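Q: Attaching a single structure in structure tokens format; questions to follow.
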Amino acid sequence: MPSPQTITLAFTGASGMPYGLRLLECLLAAGRRVFLLYSPAAQIVAKQECDLALPAQPREAARLLADRYRAAGDQLVVFGREDWLAPVASGSNPADAMAVCPCTMGTLAAIAHGLADNLIERAADVMLKERRPLVLVPRETPLSAIHLANMLTLAEAGAVILPPAPGFYARPQAVADLVDFVVARVLDQLRVPHELGPRWGAERIAGTRPPGSAA
Ligand SMILES: Cc1cc2nc3c(=O)[nH]c(=O)nc-3n(C[C@H](O)[C@H](O)[C@H](O)COP(=O)(O)O)c2cc1C
């Protein structure tokens, strides 16, 4: 898959809004166009976890977030949850890739069962039917058999299930390091270049040339 230019990002009302906001920041910093969608429950979680009041009006939200992350012109577009005229609602004009971060068990279940009852669920449904990358960052603990079955259904349908489970081998010093660990894995799945943290084993080959390169 080539590096995608337009990415749909959905925030739903699971704990983990710092992951979603940092992902948005990194996608914009990497020059990607972002179509942002969020649920009413995500607005509650954003306030609770990040002290961020996500406006109900998409235009107002786009202005606020573009200012916050210094996005260029129309780099960030926010769509309302029932905006069926949005490009992401149709397989004729899907984004190159989509992430739902954080993803609730409710939205995960709805996507697994093809409900497409709001724009987030529909956009994800479109990604699956069009065989485009869909990355879900589900957050719940412990997981019930229903949650696990839905995740298996989605993995079999082509989605990437990427739980926010940071590793500790890079010796994180702050919460921001843990957040970046997870966001880095999402960016890797989306094929968006980044420099969030060291890569395992990189120092072992530092200074060596790849096989076949000129001397
Ligand atoms: C502060 C807060 C934290 C929540 N954390 C989770 C969570 O981690 N996982 C989850 O599946 N639901 C969580 N919920 C419940 C969902 O927000 C709720 O099921 C909601 O209906 C999901 O709607 P959505 O998928 O449209 O965002 C949380 C709710 C609140 C207010």
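Q: Looking at the structure I just gave you, is Pro193 of a type outside the set (A, V, I, L, M) and loosely packed, with under 13 Cβ neighbours inside 10 Å?
A: Against the criterion (of a type outside the set (A, V, I, L, M) and loosely packed, with under 13 Cβ neighbours inside 10 Å), Pro193 qualifies.
Q: Considering only residues that are under 12 Å from Leu134 (Cα atoms) and among the small types (Gly, Ala, Ser), look in the stretch 96-111 and name the one that is farthest from the ligand (Cβ to nearest atom).
A: Ala97
Q: Starting from the stretch 114-126, keep only residues that are within 14 Å of Ala42 (Cβ to Cβ), then list their pairs with residues that are assigned to a helix (DSSP H, G or I) and within 13 Å of the ligand (Cβ to nearest atom) whose Cβ atoms are within a distance under 8 Å, requiring at least 6 positions of separation or different chains.
A: Taking only residues 6 or more apart or on different chains, the pairs are Ile120/Thr107; Glu121/Thr107; Glu121/Ala110; Glu121/Ile111.
Q: Related question: Which one is nearest to the chain's Cα centre (by Cα), of the residues in the stretch 128-145 that are free of Cβ contacts under 8 Å to residues at least 40 places away in the same chain and within 12 Å of the ligand (Cβ to nearest atom)? Reasoning before the result, please.
A: Quick first cut of the stretch 128-145, residues free of Cβ contacts under 8 Å to residues at least 40 places away in the same chain only: 128-132, 134, 136, 141-145.
Now narrow it down to the ones that are within 12 Å of the ligand (Cβ to nearest atom): 136, 141-144.
Details: Leu136: 7, Thr141: 20, Pro142: 22, Leu143: 21, Ser144: 23 Å.
Among those residues, the one meeting the criterion is Leu136.
Q: Any idea which residue in the stretch 95-113 is nearest to Pro142 (Cα to Cα), counting only those that are under 16 Å from the mean Cα position of the chain (by Cα) and free of Cβ contacts under 8 Å to residues at least 60 places away in the same chain? Before you say what the answer is, go through the steps one by one.
A: Of all residues in the stretch 95-113, those under 16 Å from the mean Cα position of the chain (by Cα) come to 95-105, 107-108, 111.
Narrowing the set further to residues that are free of Cβ contacts under 8 Å to residues at least 60 places away in the same chain leaves 108, 111.
Values: Leu108: 15, Ile111: 20 Å.
It comes out as Leu108.
Q: Let me ask you something else. Restricting to the stretch 3-32, name every residue that is surrounded by fewer than 19 Cβ atoms within 10 Å (Cβ to Cβ) and either within 15 Å of the ligand (Cβ to nearest atom) or assigned to a helix (DSSP H, G or I) (or both).
A: Matches in the stretch 3-32: Ser15, Glu25, Ala29.
Q: Run down Glu156, Glu121 and say which single residue is among the charged types (D, E, K, R), buried (at least 23 other Cβ atoms within 10 Å of the Cβ) and either within 14 Å of the ligand (Cβ to nearest atom) or at pLDDT 95 or above (or both).
A: Answer to the check: Glu121.
Q: Please work out if Pro138 is in contact with a Ser or Thr (Cβ under 9 Å, 6 or more places away or on another chain) and either surrounded by 13 or more Cβ atoms within 10 Å (Cβ to Cβ) or modelled with pLDDT under 95 (or both).
A: The answer is yes for Pro138.
Residues checked against (1) within 16 Å of the ligand (Cβ to nearest atom); (2) among the β-branched types (Val, Ile, Thr); (3) under 17 Å from Val100 (Cα atoms); (4) in contact (Cβ under 8 Å) with a residue 40 or more places away in the chain:
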{"site": "Ser39", "(1), (2), (3), (4)": "yes, no, yes, yes"}
{"site": "Ala56", "(1), (2), (3), (4)": "yes, no, no, no"}
{"site": "Ala62", "(1), (2), (3), (4)": "no, no, no, no"}
{"site": "Ala66", "(1), (2), (3), (4)": "no, no, no, no"}
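The values are calculated or read from the model by the stated rules, or taken from the named source; none is laboratory data. Being a predicted model, the structure only gives us computed values, none of them experimental. Every residue, glycine as well, gets a Cβ built from its backbone with ideal geometry; the counts of neighbours run over all protein chains shown.
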